[in-house]
Structures are given as C-alpha cells and as structure tokens.
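Working notes for the structure below.
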Amino acid sequence: MGSARNTPQRVALRARICLLALEGIANNGVANRLQTSRPTVMLWRKRFEQQGILGLSEEAPKGPNKRRLSTGKVHEIVQATLNTKPLGATHWSVRTMAKAQGVSSATVARIWEAHGLKPHRVRTFKLSKDRRFVKKLTDVVGPYLDPPDKALVLCVDEKSQIQALDRTQPGLPMKKGRCGTMTHDYKRNGTTTLFAALNVLEGTVIGSCYLRHRHGEFLKFVRKIDRETPSGMNLHLIVDNYGTHKNPNVKEWLSKHKRFHLHFIPTSSSWLNLIERWFAEITRKRIRRGVFHSVPALIAAIEEYVRLNNQNPKTFVWTKKVDEILKKISSCKAAMETLH
C-alpha cells in the first residue's frame, strides 16, 4: 500500500505506522523512525484496529459527531449575524460570534459558509435621485443594446488626478514562497488626467493625458476624437454630468459639428458608463503597482497601455435591459424603506 505510485503520502504514512506497530515496535519508536508525533501513531493504530485498512483511507468514516449543533442553535447564530452587532464593533467576526454563542470559531465559519454570510465584507452603492433618471437611462442603454446604423458609440470620461508615485526604497522581487514587495510610503511626483473614449463595438480606446481638467482640455480631446474617427459616421458619446461637458464653449463647438450626439447618464450612475470598466483595468494592471519617477514617465506608461490595448482590444458587452435595471432599483428602494 505504501509503495503504490498513486497512494497519497498521508495514507502511505498511516500504513507504515500500522506495519511497524505489527512488528511490535513501541509507539515512541514508531514516531521517531517515521519522524511524526506519538499521538499521530496512537490515532492511526486505533483507527486500524476499529476499521481495518479502510480506516486508513482519505474517505474513512469518522463516526457520528456527538457535538453536532441543533437546528435551533444554527438558526440562532444566523439570525444574530443578520440582525445584531457586537458591543463596541461594527460587525461580527467568527471569534466574537463564537464567544457570544458559546461555540467554536470553526463552527461559526461553517455556518456562515453554508448560509452565504460574509459580515466582514461590505459593498458600496448609491441610488440616483435624478428626476429624469428613466429618460436618461433609456437614452444611454438604447445605444448599447441597439447601436445606430453608420455610427460609433463612444464612452467618454476623464480619470483625473492620476498620481506619479515613486517608492522610497526598491521593492524585493517575487520568488518561490514570497510575493513581490513594495514600500508602503511613497514620493509624489505630480499628477496627470487621462481623457479616454472607449469604442463600444471594437474595444479600442482613444486617449490623451492633460495637465488640467477643464472644458478647454475636453474640447481638445473632442477635436482629437473628431480627427481619429471616420468622418462619415455619426458619433454618440456617453458622458457624465460634469460641468466641462456642458460648458457654453463646448456646446457652441458641438452645435457646429452635427455628427456629435451627447448622451448624459443620470447623476450618481457612473456604473452606466462602460469607460469606468476600462479605467478599472488600467488602474489594476498598470497604475496601482507602478513606480513612476516623473509625470512624463507616468504618461508614457499610460500611452503604452492604450497602444497595447488597441492591438488586442477587449470589448465590454452591456446586457441589462432598461426594465431589468428598473426592477432591481425598485426592489432596492423597497428594501431601504423597510429599514426606516
């Protein structure tokens, strides 16, 4: 059994324990020879006496659990997790709940896992109070699900105040058994603002970095979009309600360029703009863990990421219909009303 190629090492160790015990070697002698503990030797000798060879396998029955909790106790722990908070804290941990309920932390962990409870985690949200929410929602989701003919749908936004952070000391490289490291403190070397337009159909991005974040920079970027897109196609831009997008100078320029059509998302609804999903990608893959000695170095890294993205673009597909979104928002509002 111990020499079989596919036998797990744990099972092979148990078999060796029993074979040496059958030779009359004492528990301490077996433990020393196999470099294990005496309790381990005693455990598997007893299991072999009770269940035979089957007792040494990974699937060996462990017998009934005399400490199994009652259904009522499980329900009590679940309800306490959902409806109460520990004294002096914002949420339960397995240890605080175990102490409060008189059970082990492992028991609490198993109950939480079985019921999908994660009190240590929280997700943020905000419901829009825009009075024209439905109209704006329809105006944005429409081009996503049914793009106009002979037109491009571009999700446009600005990622402002991107910091060129340099670490105070060199980090250690990753190696076996250790992840890469970087210092927790840093040196600020300035900031830049990335203006970006995501082509919903292709996943390509038009991007430019500017020092400031004003309507003048937005106009420069819109002109760049005008130059880098086919002249014969209408352009539907999904944008937020930031003031630079509604500046009189911007409106005047757009009035002279009829192929531009702006679709404003509802307030507090950045999740409706797919460019935010792309911003999350560049932050995670290129910016957050980057080391930049200057703003030009940061800009060069951003431009390289945009270039590589456009060589192998990834599309973000919108699937939710307007009625599905409204239904979910209604249920969320109903849940909030029951709490007040």
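Every number in this text was worked out from the coordinates using simple rules, so none of it is lab data. Owing to the predicted nature of the structure, the values given are computational and were not obtained by experimental measurement. Note that each Cβ is placed from the backbone with ideal geometry, even for glycine, and that neighbours are counted across all protein chains shown.
A Förster distance of 45 Å, applied to the separation of the beta-carbon atoms of Arg131 and Lys175, puts the FRET efficiency at 0.20.
Residues Phe48, Phe260 in ascending order of nearby Cβ atoms (within 10 Å, fewest first): Phe260, Phe48.
The convex hull built on the alpha-carbon positions of segment 9-56 has an orientation-averaged projected area of 2.8 nm². A Förster radius of 41 Å, combined with the Cβ-Cβ distance separating Val291 from Arg223, puts the computed FRET efficiency at roughly 0.80. For the listed peptides 122-133, 11-22, a ranking on the average number of other beta carbons within 10 Å per residue, highest first, reads 11-22, 122-133.
Principal axis extents of the Cα atoms in the chain, from largest to smallest and rounded to whole angstrom, are 98, 52, 43. Taking the chain as a Gaussian network of alpha-carbon nodes connected by springs under 10 Å, the highest mean-square fluctuation of the residues His236, His184, His75 belongs to His75. Within segment 71-164, none of the GluC sites (Glu not before Pro) combine a DSSP coil assignment with at most 16 other C-beta atoms in a 10 angstrom radius. Relative to the current alpha-carbon distance between Ile25 and Asp149, full extension at 0.36 nm per residue lengthens the span by 36.1 nm.
Taking amide H as placed 1.01 Å from N in the peptide plane, the amide H of Gly190 sits under 5 Å from that of Ala164, each at least 5 places away or on another chain. Taking the chain as the reference, fit the longest principal axis to its C-alpha atoms, fit the long axis of helix 215-228 to the helix C-alpha atoms, and give the angle between the two in degrees, 0 to 90, nearest 10. So the inclination is approximately 90 degrees. Computed from the alpha carbon atoms alone, the convex hull of segment 71-115 holds 66 Å³ per residue. Legend: translational diffusion of segment 189-263 by Stokes-Einstein, Rh = Kirkwood radius over C-alpha pairs, 20 °C, 1.002 mPa s; D = 163 µm²/s.
Sorted fewest first by neighbouring Cβ atoms within 10 angstrom, Leu34, Leu117 come out as Leu34, Leu117.
Each Cα pair under 8 Å and six or more residues apart adds its sequence gap; the mean of these over the residue count of the chain is a relative contact order of 15 percent. Available extension along the chain between Glu303 and Asp185 is 39.9 nm, counting 0.36 nm per residue and deducting the alpha carbon span. Before rounding to the nearest 500, sum -39500 (n - 2.57) across all DSSP H runs of length at least 4 in the chain and divide by the residue total; then give [θ] at 222 nm in deg cm²/dmol. Result for the chain: -13500 deg cm²/dmol, rounded to the nearest 500. Segment 229-245 and segment 154-204 have their alpha-carbon centroids 26 Å apart. A straight chain from Thr138 to Lys73 at 0.36 nm per residue would run longer than the Cα-Cα distance by 18.6 nm.
With a/c under 1.5 counting as rounded, go ahead and sort segment 140-268 into rounded, prolate or oblate using the C-alpha gyration tensor (a ≥ b ≥ c being the square roots of the eigenvalues; past the cut-off, prolate if a/b is larger than b/c, else oblate). It comes out prolate by the Cα gyration axes. Structure remark: mean-square fluctuation, Gaussian network model of the chain, C-alpha springs under 10 Å; the largest value among Leu274, Leu172, Leu237 belongs to Leu172.
Only beta bridges with both residues in the chain are counted; by DSSP, about 65 percent of them are antiparallel. Largest mean-square fluctuation among Leu219, Leu69, Leu56, in a Gaussian network model of the chain whose springs join Cα atoms under 10 Å apart, belongs to Leu56.
If you take the alpha carbon atoms of segment 285-325 and fit the smallest convex hull around them, that volume is 109 Å³ per residue. Across every direction, the projection of the convex hull enclosing the Cα atoms of segment 228-320 has a mean area of 8.5 nm². Sparsely packed loop sites in segment 187-226 (the trypsin sites (Lys or Arg not before Pro) outside DSSP H, G, I, E and B with at most 15 other Cβ atoms within 10 Å) comprise Arg212, Arg214.
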